[in-house]
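Have a look at the structure below before the remarks.
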Amino acid sequence: MRHAECTEITADGEMRITLPRAIMRAAGIEPGMPLVAYEDDGQIVVEMRPAVLPGAPVAEALLGKPAVVE
């Protein structure tokens, strides 16, 4: 895995983060592009949203695994 840039970021008072422009560009993310964010073993992961086939379970299509609801 190649890392283009490492920048410290901080969540604001509303628990939002802003990803640096250079990282967004390096990942090929364009304004308005839908993304998926989830927690995986203590890590926050942000990915480009894959196309979801009609009738497919959304969580499995987005995460590649069935969702676990507690």
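The values are calculated or read from the model by the stated rules, or taken from the named source; none is laboratory data. Just so it is clear, the structure is predicted and the values come from calculations on it, not from any experiment. Reconstructed Cβ throughout: ideal geometry from the backbone, glycine too, with neighbour counts over all protein chains shown.
A few remarks follow.
- Cβ separations smaller than 9 Å between residues 6+ apart or across chains give the following pairs from region 16-27 residues that are closer than 12 Å to Glu47 by Cα to residues that are surrounded by 13 or more Cβ atoms within 10 Å (Cβ to Cβ) and not charged (D, E, K, R): Ala27/Leu19; Ala27/Val46.
- Selection status of Ala56, at pLDDT below 85, part of a loop (DSSP other than H, G, I, E, B), among the hydrophobic types (A, V, I, L, M, F, W, C) and surrounded by 11 or more Cβ atoms within 10 Å (Cβ to Cβ): yes
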